[in-house]
Amino acid sequence: MYFYIAILAFFFAACRELSEHAKENLFFDWGKWWNTTTSYTNKHEWQPSWAFKTVLVWTTDAEHFFQLLSFLFAIAAVYIGGSWQAALAFYIGAQTLGALKPLTNLR
């Protein structure tokens with residue numbers, strides 16, 4: 001069980017990283033949906049705009065999409081675990097990506 005929680009935590013951290021990279025416009029060649037400076041207009045252009053500004057905001061750009069995924073991974077880990085050992089497994093899984101990041105070309 002703790003292995004699954006650690007994996008969920010790893011994906012949680014990975015989605016947080018992707019969210020931050022989208023927020024910093026590091027995917028500038030990947031299209032409008034990936035870049036926060038251009039994708040914010042999706043909230044206003046897509047109809048009905050009130051829906052894309054509220055409950056469907058996660059569909060408008062990569063930053064919000066990966067924020068939603070990271071939240072869902074955290075919820076799943078808490079649901080599966082529910083103990084201090086589960087919390088420790090989640091922490092270790094999330095920190096693993098942080099430890100591996102300097103070994104890559106990621107910023």
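No value in this document is a laboratory result; all are computed from the given coordinates. Everything numeric in this text was worked out from a predicted model, so none of it was measured. Here Cβ is always computed from backbone atoms with ideal geometry, including for glycine, and neighbour counts include all displayed protein chains.
Size descriptors for the chain, from the alpha-carbon set: Rg then Dmax equal 15.9, 46 Å. Calculated [222 nm] ellipticity per residue, helices only, for the chain: -20000 deg cm²/dmol; basis is -39500 (n - 2.57) per DSSP H run with n ≥ 4, divided by all residues, nearest 500. Which lysines have a Cα lying under 21 Å from the Cα of Lys32, excluding residues fewer than 8 positions away in the same chain? Cα-Cα hits under 21 Å: Lys23, Lys43, Lys53. Where q = 0.26 Å⁻¹, what log10 of I(q)/I(0) comes from the Debye formula for region 63-107, counting one point per Cα? Reported log10 I(q)/I(0), two decimals: -0.95. Taking Cα centre as origin and charging only the Cβ of basic (Lys, Arg, +1) and acidic (Asp, Glu, -1) residues, the dipole magnitude of the chain rounds to 100 debye.
Helix 2-23: angle to the longest alpha-carbon principal axis of the chain, degrees 0 to 90, nearest 10? That works out to roughly 30 degrees. Here the residues Ile75, Ile92, Ile5, ranked from fewest to most Cβ neighbours within 10 Å of their Cβ, fall in the order Ile75, Ile92, Ile5.
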